[in-house]
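One structure below.
Only the coordinates and a few stated rules stand behind these numbers; no lab work does. Computed from a predicted model, the values in this text were never measured in an experiment. So basically every Cβ, Gly included, is an ideal-geometry build from the backbone, and we count neighbours across all protein chains shown.
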Amino acid sequence: MTSAYGCNWPEVCLYSGYPWNSPIIGRFKQETSSWQYLNHVGPWSIVNTRNDDTVYVLSPVGTDFSDPKVYCMRPNSSLINYPSVVFAIRIDPRPAC
């Protein structure tokens, strides 16, 4: 993938709603061994244009902020409006979850 919804390769982009009609509110390129923390509440989507890297998304389940869940995005994928709060993302060089 070279780009999707204004998100250029090799970026991971965070949108304030659905990617086809919302602005990009965050762009990430760095692979990290730790979380890159965010502070966004409300509808969101993430697009991963990277060809070989997995993206992990840290988010609470429901309204219980003390019990975060990790969601995994494979290369060249998107995660749309799920769930409503994002704590952090991490880009991992492995291609599988």
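Net charge of the neighbourhood of Arg50, taken over other residues with C-beta under 11 Å away and scored Lys/Arg +1, Asp/Glu -1, is -3.
You can think of it this way: the chain between Lys69 and Tyr37 has 10.1 nm of extra reach, that is 0.36 nm per residue less the Cα-Cα gap.
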